[in-house]
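Coordinate-derived values only; no laboratory data. Bear in mind the structure is a predicted one, so any value in this text is a computation, not a measurement. Here the Cβ is made from the backbone with ideal geometry for all residues, glycine too, and neighbour counts use every protein chain on show.
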Amino acid sequence: MSAVRCFLDLSTAHLSDEDRALLDACAGHDTGEVLCARTPYGWFVFASEERPEISDTLWGLFQAARGQGCEYLLFDRDAPMLEDFATFEWNA
């Protein structure tokens, strides 16, 4: 097993209100549906190979990351948006 890991860097615009609420609820807890940590500008998320109880959109992003050899996703407000995936307006 390598000590080097890859992550997919993508915009928080790919997260719906529901997905953001889920990540906030799971952040810092190893018993949630998703293993993740809150960052100052988004979330760092483990892209599990088995589907947890998440939206189809978030699952598609997990699969896209895995398809590119990444084990993690870094959702960041300043990261690029991916062309083939939905984006959402943020309701502050």
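Quick notes on this one:
- Using a simple spin-label model with pseudo-atoms 7 Å out from Cα toward Cβ, GLN68 and ALA86 lie 2.0 nm apart.
- Answer label for volume of the Cα convex hull per residue in Å³ (calculated), chosen among (1) 99; (2) 109; (3) 140: (2)
- Taking 0.36 nm per residue of separation and subtracting the Cα-Cα distance, full extension of the segment from ASP9 to ASP24 would add 3.6 nm.
- Overall form of the stretch 1-43 per C-alpha gyration tensor (a/c, 1.5; a/b vs b/c): oblate
- Within the chain, percent of DSSP bridges classed antiparallel, to nearest 5: 65 percent
- Take the Cα of THR57, go 7 Å toward its beta carbon, and the backbone nitrogen atoms of the stretch 64-92 under 18 Å from that spot belong to 64-65, 73-92.
- Each peptide in 34-41, 6-13, 47-54 receives the mean, over its residues, of other Cβ atoms within 10 Å, and ordering these scores from highest gives 6-13, 34-41, 47-54.
- Mean residue ellipticity (222 nm) of the chain, computed from DSSP H runs ≥ 4 via -39,500 (n - 2.57), nearest 500: -7000 deg cm²/dmol
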